[in-house]
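Notes follow once the structure below has been shown.
The values are calculated or read from the model by the stated rules, or taken from the named source; none is laboratory data. In this text, all values refer to a predicted model and were calculated from it rather than measured experimentally. Because the Cβ atoms are built from the backbone with ideal geometry, glycine has one as well, and the counts that use them run over all protein chains shown.
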Amino acid sequence: MSSRDAIGVFDSGLGGLSAVKEFLNVLPNEKIIYFGDTGRVPYGNRSRDTIMKYAFQDAEFLMNNNVKMVVAACGTVSSVAGDKLERSLPVLYTGVVNPTAFIADQKTKNGKIGVIGTAATIASHSYKLRLKKLNPDYIVYEQACPLFVPLVESGFICRDDQIVRLVIKRYLSDLKESGIDTLILGCTHYPLLRDAISDYMGDSVTLVDSGYETAVYSAKILKEQNLLNDDKASKNPEFFVSDTPDGFESVAGLFLGRNMEHTVTQIDIEQY
Ligand code: DGL
């Protein structure tokens with residue numbers, strides 16, 4: 001293995017594990033190092049300066065672990081700090097905005113696209129700007145859904161739950177009226193509400209989320225740079241968090257379908 005051999009993936013917390021699952025499938029020869037900033041989550045309602053500071057500390061931690069690529073698997077970080085990370089990091093970088101917007105561009109037929117995300121993501125207009133670059137004629141409707149993250153974190157994800165249905169209706173009724181045919185789930189947590197969102201929006205609206213698309217995009221750019229690992233020996237992913245690993249290990253085990261006991265290390269992210 002060369003010194004820079006792993007792919008570093010980070011998120012404000014647990015949500016980015018949905019991307020890790022896709023990375024393990026799409027890039028089975030690669031070593032994945034994950035950092036979840038569980039001690040400082042959520043990022044989505046914080047100021048730009050704070051998100052920027054956290055994003056660079058997270059990336060710095062991964063750089064210290066000899067990664068050849070950094071992936072921000074967080075809608076908020078990708079939206080607020082993505083451009084600066086891409087310019088500043090000495091290794092390949094991707095966030096989730098570009099790969100996800102690219103797929104929405106392929107899916108839409110009527111050019112009306114909805115984007116939902118955290119308050120910071122929506123305030124940045126990251127997806128809208130990207131989509132308009134792909135096609136200036138697109139009509140993009142944006143909606144912040146700040147209650148979705150705490151809802152998911154509290155286990156409210158069932159499509160039949162009255163509270164879930166009410167909150168979804170509260171946030172998405174205007175989008176439903178707007179005639180969009182594609183809806184970007186621009187936050188790590190929203191795929192867990194996918195069934196309930198789909199029930200509300202109906203079959204005519206295609207939902208697009210970021211984990212799989214970002215893994216495929218990463219594979220593409222690593223290949224272009226001749227940085228793919230062709231050594232097939234299995235490599236265990238490594239997981240780091242900034243708060244106690246206890247709860248993380250069990251939820252991560254569910255996300256990834258493997259026993260995660262004693263596989264997660266706590267670090268002090270403020271030192272980076
Ligand atoms: N990971 C964040 C995102 O995708 C959601 C959780 C948070 O607010 O930190 O935007």
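Residues of segment 49-70 that are β-branched (Val, Ile, Thr) and either within 24 Å of residue 149 (Cβ to Cβ) or within 16 Å of the ligand (Cβ to nearest atom) (or both): 50, 51, 70.
Here residue 46 passes the criteria (1) modelled with pLDDT of 95 or more; (2) closer than 18 Å to residue 148 by Cβ; (3) surrounded by 24 or more Cβ atoms within 10 Å (Cβ to Cβ) except the one numbered (3). Against the definition (surrounded by fewer than 22 Cβ atoms within 10 Å (Cβ to Cβ), within 12 Å of the ligand (Cβ to nearest atom), at pLDDT 95 or above and assigned to a loop (DSSP other than H, G, I, E, B)), how does residue 146 come out, yes or no? Taking the combined requirement at face value, the residue satisfies it. Taking the criterion of being in a loop (DSSP other than H, G, I, E, B), more than 14 Å from the ligand (Cβ to nearest atom) and touching a residue at least 24 places away in the same chain (Cβ under 8 Å), the residues of segment 171-215 that qualify are 179, 180, 181, 202, 205.
Just checking, how many residues over segment 60-75 are farther than 23 Å from residue 226 by Cβ and part of a helix (DSSP H, G or I)? So the count comes out to 3. Just to be sure before I move on: is residue 52 in a strand (DSSP E or B) and surrounded by fewer than 24 Cβ atoms within 10 Å (Cβ to Cβ) in the structure I sent? Criteria not met by residue 52. For segment 223-270, taking the residues that are among the basic types (Lys, Arg) and part of a loop (DSSP other than H, G, I, E, B), the one that is nearest to residue 30 (Cα to Cα) is identified as 235. Of the candidates 171, 138, 200, the single residue that is at pLDDT 95 or above, on the phi < 0 side of the Ramachandran plot and touching a Gly at 6+ places or on another chain (Cβ under 8 Å) is 138.
Residues considered: 78, 18. Of these, the only one that is among the hydroxyl-bearing types (Ser, Thr, Tyr), under 16 Å from residue 252 (Cα atoms), within 16 Å of the ligand (Cβ to nearest atom) and assigned to a helix (DSSP H, G or I) is 18. Sub-6 Å Cβ pairs linking a first residue in segment 41-57 that is among the small types (Gly, Ala, Ser) to a second residue that is away from the ligand (no atom under 11 Å from the Cβ) and at pLDDT 95 or above, at least 6 apart or interchain, are 55/81, ordered by first then second residue. Being farther than 13 Å from residue 218 by Cα, in contact with a helix residue (DSSP H, G or I) (Cβ under 7 Å, 6 or more places away or on another chain) and modelled with pLDDT of 95 or more holds for only one residue in 14, 89, and it is 89. Filter segment 94-123 for residues that are farther than 24 Å from residue 20 by Cβ, within 15 Å of the ligand (Cβ to nearest atom) and crowded, with 17+ Cβ neighbours inside 10 Å and give the result. Listed by number, the list holds a single entry, 122. Kindly indicate whether any position in segment 98-117 is within 19 Å of residue 212 (Cα to Cα), in contact with a helix residue (DSSP H, G or I) (Cβ under 6 Å, 6 or more places away or on another chain) and of a type in the set (Phe, Trp, Tyr). No; the residues of segment 98-117 include none that is within 19 Å of residue 212 (Cα to Cα), in contact with a helix residue (DSSP H, G or I) (Cβ under 6 Å, 6 or more places away or on another chain) and of a type in the set (Phe, Trp, Tyr).
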